Amino acid sequence: MKEESASPERESAPAKHPEDHRLRMVNRTMKLYRNESHALIETLHAVQESFGYLEEGVLKHVAATLRVPLSRVYAVATFYSSFTLKPPGEHTCVICLGTACYIGGSGAILGDIRKKVGIASGETTPDGKVSLLVARCLGSCGLAPAGVFDGEVSGKLNVDTVLEKIGRWR
């Protein structure tokens, strides 16, 4: 009977078919931890890695499989900044707000992105092309202010270079 109640939640996941490789990776992670509740954070990392974000249907599936309240899944998902509940854009721009970068002008860079591109940290452009994120430290203090553009670290940034990189994506 338990399997029947878990089935509708599984049906609401974007990967409805059990052969979906993204859902298989998530299920494999939960199985590795014997579907116990202490696997929640590791499982959320698997969801984020597989789907690009924490999709509601998959979160319901995780809650049912690990036998934890959905409210707890959301509490963990929203507590840690490495998780996102929104689909990412095609491209990501991460601006470092660590001390060296902030002193170097990263705060001003973020302000200009907001004014000129129309998105703030944690948002994606309406066309779905660019997501803007912030990091507390990239570990690239010698390159301050630093950022990451589609996984590639760039340093000695200024407003013009950042807007030019984002402009190429749009």
Would you tally the residues in segment 42-66 being β-branched (V, I, T) and either more than 25 Å from E90 (Cα to Cα) or not in a helix (DSSP H, G or I) (or both)? 2
Report every pair of residues separated by at least 6 positions or lying on different chains whose Cβ atoms are under 9 Å apart, first residue within segment 91-120 and modelled with pLDDT of 95 or more and polar (S, T, N, Q), second buried (at least 22 other Cβ atoms within 10 Å of the Cβ) and part of a loop (DSSP other than H, G, I, E, B). S106/P145; S106/A146; S106/L157
Confirm whether S71 is among the polar types (S, T, N, Q), surrounded by fewer than 18 Cβ atoms within 10 Å (Cβ to Cβ) and under 20 Å from E152 (Cα atoms). no
Which condition number does C93 fail, the rest of (1) more than 20 Å from S37 (Cα to Cα); (2) in contact with an Asp or Glu (Cβ under 7 Å, 6 or more places away or on another chain) being met? (2)
Among I103, I109, which is buried (at least 20 other Cβ atoms within 10 Å of the Cβ) and over 16 Å from the mean Cα position of the chain (by Cα)? I109
Only one of (1) surrounded by 16 or more Cβ atoms within 10 Å (Cβ to Cβ); (2) more than 14 Å from the chain's Cα centre (by Cα) fails for L132. Which number is that? (2)
Flag if S82 is under 24 Å from L132 (Cβ atoms), surrounded by fewer than 13 Cβ atoms within 10 Å (Cβ to Cβ) and not β-branched (V, I, T): yes
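The values are calculated or read from the model by the stated rules, or taken from the named source; none is laboratory data. Because the structure is a prediction, the values reported are computed rather than measured. As a convention, Cβ positions derive from the backbone with ideal geometry for all residues, glycine included, and neighbour counts pool all protein chains shown.
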